[in-house]
Each structure stands twice: as C-alpha cells, then as structure tokens.
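Below you'll find the structure, written out as structure tokens, and then a few comments.
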Amino acid sequence: MTLHVLSPAKVNLFLYVLGRRPDGYHDLFSLMCRIGLYDEILLSPTSTTITLTCSDSGLPVDDSNLAVAAARRFYESLGSCGGVDIRLTKRIPVAAGLGGGSSNAASVLLGLNHLHGSPFSAERLRTIGKSLGADVPFFLFQGPALASGIGDRLEAFGGIPPMAAVVVSPPFAVSTRMVYQNLNLRLTNSQKRPTKAHFNERAFSPALHLFNDLEAVTLAWHPELVSIKNLLDGQGALGAIMSGSGPSVFGLFFDIEAARAAADALPEDRGWKVFCVGLLTGPFALIRES
C-alpha cells in the first residue's frame with residue numbers, strides 16, 4: 001500500500017515572546033492556524049530501510065531532514081526495525097516561517113501510525129513529535145490552537161472566523177535560531193499581552209490581535225518585508241504580519257475573492273512566491289490511501 005499524506009503550512013496569527021528559559025528556549029504565547037498550502041508525501045512500506053526522495057534537490061535526504069528523522073523516531077518508539085520509502089513534493093518555501101519541515105515530520109508520523117494500525121494514541125504521537133521540534137505537536141493537533149511553553153502546550157481554539165490569506169515569501173531564508181539569539185525582549189512591544197482567559201470570551205480579530213514580537217529582529221534585517229506589509233495593507237488586507245521568524249508575510253482578507261484580487265495586484269518582478277489560501281479552521285482529512 002502507498003499512503004498519500006498532505007502536509008500543510010501554518011501561520012502565527014499572533015506570537016508573543018514572554019521570556020528566555022534556563023534551557024535556552026523561549027516561552028511563547030501564540031495562536032497558530034494551518035493554511036491551504038501543502039507539501040505532499042507518499043509513504044510506501046519497505047523491509048528495513050528508510051529512504052527519502054525530494055522534489056527540492058537542495059534539501060538533505062538523510063536524518064537531518066525532519067521527515068527521515070520522524071520515520072526513524074517512529075520505528076524506535078515502536079521497537080521495530082521497519083522501513084519506509086518517503087517521496088516528498090515540496091511546495092512550502094523552506095526556512096520561511098511557515099513550518100514546512102515540522103509539518104513534514106508530523107505528516108510522516110501520522111501516516112506511519114495509520115499504516116501500522118494506529119499503535120500510538122494522539123497524545124503519544126505528540127510526545128514523539130515534541131522530541132523532533134517545538135512546532136511538530138501543533139501539526140499533529142490538527143486544528144487551530146493557542147500555544148504556550150515553547151509552543152508545545154496546545155489548547156484548541158475555535159474563535160477564528162472564515163478568512164483567506166495572501167502569503168508572500170521573499171527569495172531568501174531566515175534562521176529561526178539567529179532571530180531568537182538577536183531578540184532583545186526589552187525592545188519588543190510592551191502592550192498588555194493577551195491571555196488564554198482573554199480568548200475564552202472572544203473571537204480572534206485581525207484588527208485587535210495580529211502581532212509578532214519577532215518582527216523587531218527580522219524586519220530590521222530585511223526592510224523589504226515592511227514594503228510587503230504595506231502593499232498588502234494597501235490592497236485592503238484586514239491586517240498584515242510576518243509569520244513565525246519570517247521572512248514570509250501574510251495579509252488576511254474576508255474572502256478568497258478579495259485575497260485573489262490583492263495577490264494579482266502585487267508586483268511580479270521581485271522574485272516573491274505568492275500564495276492565495278484559506279485558513280483551515282475545521283476538520284480536514286490529510287491521509288488518502290492509494
């Protein structure tokens with residue numbers, strides 16, 4: 001059997017950095033939502049080897065690729081020396097603040113769990129995912145979530161109204177590690193931080209809640225991102241913000257037609273990748289048998 005698994009990107013609708021932890025990580029408070037931009041993964045069981053072929057020749061195909069690392073961690077946790085052939089078609093830009101690598105890892109875990117008769121509970125899969133990266137548990141959660149801790153403590157959030165997004169990814173990558181290393185928490189926005197209790201009582205509003213502490217670093221390095229935000233605002237976005245550590249910027253719109261009109265109005269000579277997508281706020285099947 002070959003299993004077809006979709007691997008969606010995500011955006012951070014807000015991201016507050018609350019402080020640095022003794023272990024070097026940072027405590028966060030963020031609202032994360034998957035979007036309709038996908039990598040595609042085909043999983044074919046083999047005897048004992050784990051192999052990866054990828055449409056992007058610039059990506060590694062060894063254990064430094066999270067898709068391979070996830071497969072290896074799955075079989076280690078299963079206590080088995082099983083194998084799988086992974087074929088990865090990349091559409092999510094790499095190192096762009098959209099979580100593509102973490103999503104690939106989560107999709108491999110979900111797919112292998114399905115292929116092997118669901119030996120692991122959802123909670124156990126998230127524990128395995130956390131060992132691979134802070135964002136992996138979110139992609140296993142499969143719904144919008146308020147994230148705290150290092151991003152691994154998740155609480156379902158149903159207060160995102162139907163919206164579309166225009167995502168703009170410039171032709172350069174940003175190192176998440178370097179962004180956090182250069183973040184001066186004293187210089188981030190000092191406005192009152194929202195809390196989980198705040199969102200128990202109200203829905204997400206782009207005008208009130210779009211915010212990202214990490215913009216203080218990445219926008220200073222890459223002023224082009226400020227121009228992208230201004231262009232999206234000028235095309236009628238409800239708000240525009242950088243996702244994660246960047247460099248991808250997205251603008252939110254009431255519907256997909258308004259988003260498409262805004263995307264069509266953007267300059268075509270900047271080397272940007274532009275995606276017009278919906279926010280995935282409800283259940284969505286990622287696994288398809290073939």
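The values are calculated or read from the model by the stated rules, or taken from the named source; none is laboratory data. Model, not experiment: these values are computed from the prediction. Virtual Cβ from ideal backbone geometry, glycine too; neighbours counted across all protein chains shown. Surface accessibility is based on the protein's heavy atoms, side chains included, excluding ligands, DNA and RNA. Shrake-Rupley method; radii C 1.70, N 1.55, O 1.52, S 1.80 Å.
Over the chain, dividing the summed -39,500 (n - 2.57) contributions of all DSSP H runs of at least 4 residues by the number of residues returns a 222 nm mean residue ellipticity of -8000 deg cm²/dmol.
For PHE172 and SER44 in the same chain, what is the full-extension length gain: residue separation times 0.36 nm, less their Cα-Cα distance, in nm?
Numbers: separation 128, 0.36 × 128 = 46.08 nm, distance 3.29 nm.
Full-extension gain reported as 42.8 nm.
Name the shape class, rounded, prolate or oblate, that the alpha-carbon gyration tensor gives for the stretch 211-274, where a ≥ b ≥ c are the square roots of its eigenvalues, rounded holds for a/c under 1.5, and otherwise prolate holds if a/b is larger than b/c and oblate otherwise. Display every interim value, and only then the final one.
Working: a/c = 2.27, a/b = 1.45, b/c = 1.56.
In terms of gyration-tensor shape, oblate.
Taking the longest Cα principal axis of the chain as reference, the axis of helix 100-115 is set at about 40 degrees.
Once the other residues with Cβ under 12 Å from the Cβ of GLY36 are scored (Lys, Arg +1; Asp, Glu -1), what is the net sum? Mind showing how you got there, number by number?
Working: positive: LYS10, ARG34, ARG91; negative: none.
Summing Lys/Arg as +1 and Asp/Glu as -1 gives +3.
Per residue, how much accessible area does the stretch 83-154 have with a 1.4 Å probe, in Å²? Present the calculation step by step, with values, prior to reporting the outcome.
On the way: 2300 Å² over 72 residues.
Heavy-atom accessible area per residue stands at 32 Å².
Listed by chain and number, the aspartates and glutamates placed with their C-alpha closer than 14 angstrom to that of LYS90 are ASP39, GLU40, ASP56; residues fewer than eight positions away on the same chain are left out.
For the stretch 85-165, the relative contact order is 21 percent, taking Cα pairs closer than 8 Å that sit 6 or more residues apart in sequence and dividing their mean separation by the residue count.
Over the chain, the pair-distance histogram of Cα-Cα distances with 5 Å bins from zero comes to 1, 6, 13, 17, 18, 17, 14, 9, 5, 2, 0, 0 percent, rounded to whole numbers. Taking 0.36 nm per residue of sequence separation and removing the Cα-Cα distance, the GLU289/ARG72 pair yields an extension gain of 75.9 nm. When peptides 25-32, 80-87 are ranked by their average number of other Cβ atoms within 10 Å per residue, the highest-first order is 25-32, 80-87.
If exposed means no more than 10 neighbouring beta carbons inside 10 Å and the site is in a DSSP loop, what's the longest run of the chain without any exposed GluC sites (Glu not before Pro)? Don't skip to the end; give the middle numbers.
Details: sites that count: GLU201, GLU268.
Of all site-free stretches, the longest is 1-200.
Within the shell defined by Cβ-Cβ distances under 13 Å, the residues around LEU115 carry a net charge of -1, with Lys and Arg each +1 and Asp and Glu each -1.
Computed extension length for VAL226-ASP62: 55.4 nm, one decimal, from 0.36 nm per residue of separation with the Cα-Cα distance subtracted.
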